[in-house]
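Everything on this sheet refers to the single structure shown next.
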Amino acid sequence: MNYLSENKVKILNSKFHGSDLVVEISVNASPGAKKEKIKLTSEGELKVYLAVRPVEGKANAALIERLAKLWKVPKSNVFLIGGTKSKSKKFKVRIEIGQTKDFDYYKSNWDLLFKEGT
């Protein structure tokens, strides 16, 4: 928890559920972008630029896929909990610590993400 806060990622809520860490994050989606990328805003939100257009939920599906890849979790562990028809969205990400990977594995990925961006 503190690790994520130190890197200025705005965590809306977090808790452990058994050995899993569940974090709630705010994401600003920008569908229809020319180049796909992810940035961390000064407010601590992830801004995700997607090439796909927001038609019939395709942008939300692409966003879930991108966040899953970013957090190194299965797509089934990323839940859109708010903003289905908005650019401002809220997600829950379930990180299965201890089953196949330990916390250091995720921490090293977060180091790359939040210090260099993707």
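The values are calculated or read from the model by the stated rules, or taken from the named source; none is laboratory data. All values reported here derive from a predicted model rather than from experimental measurement. Glycine also receives a Cβ, built like all others from the backbone with ideal geometry; neighbour counts cover every protein chain displayed.
Mind listing just one residue for me: the one in region 42-56 that is closer than 15 Å to Leu70 by Cβ and outside any strand (DSSP E or B) and, of those, nearest to the chain's Cα centre (by Cα)? So that I can check it myself, show each step before the final result.
Of region 42-56, the ones closer than 15 Å to Leu70 by Cβ are 45-50.
The next check asks that each one be outside any strand (DSSP E or B); those that pass are 45, 50.
On the way: Glu45: 9, Leu50: 14 Å.
It comes out as Glu45.
Restricting attention to region 43-53, which residues are touching a residue at least 24 places away in the same chain (Cβ under 8 Å) and either surrounded by 11 or more Cβ atoms within 10 Å (Cβ to Cβ) or of a type in the set (S, T, N, Q) (or both)?
Gly44, Glu45, Leu46
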Condition (residue is in a strand (DSSP E or B) and at pLDDT 95 or above) applied to region 101-110: is it met by at least one residue?
no
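Scan region 61-74 for residues that are under 21 Å from Ile11 (Cβ atoms) and free of Cβ contacts under 8 Å to residues at least 40 places away in the same chain and jot them down.
First, pick out the residues of region 61-74 that are under 21 Å from Ile11 (Cβ atoms): 63-64, 66-74.
Answer for region 61-74, where residues must be under 21 Å from Ile11 (Cβ atoms) and free of Cβ contacts under 8 Å to residues at least 40 places away in the same chain: Leu63, Ile64, Arg66, Ala68, Lys69, Trp71, Lys72, Val73, Pro74.
Can you name the residue in region 8-41 that is among the acidic types (Asp, Glu) and assigned to a strand (DSSP E or B) and, of all such residues, is nearest to Ala61 (Cα to Cα)? Break it down stepwise before answering.
First pass over region 8-41, keeping only residues among the acidic types (Asp, Glu): 20, 24, 36.
Now drop any that are not assigned to a strand (DSSP E or B), which leaves 20, 24.
Values: Asp20: 23, Glu24: 18 Å.
Selected residue: Glu24.
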From the list Glu24, Glu116, Glu36, pick out the single residue that is out of contact with any helix residue (DSSP H, G or I) (no Cβ under 9 Å at 6 or more places or on another chain) and modelled with pLDDT of 80 or more.
Glu24
Restricting to region 66-81, name every residue that is surrounded by fewer than 16 Cβ atoms within 10 Å (Cβ to Cβ) and at pLDDT below 95.
Lys69, Lys72, Pro74
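Could you please let me know if Leu21 is under 17 Å from Ile97 (Cα atoms), over 10 Å from the mean Cα position of the chain (by Cα) and not charged (D, E, K, R)?
Details: under 17 Å from Ile97 (Cα atoms): yes; over 10 Å from the mean Cα position of the chain (by Cα): yes; not charged (D, E, K, R): yes.
So Leu21 passes the test.
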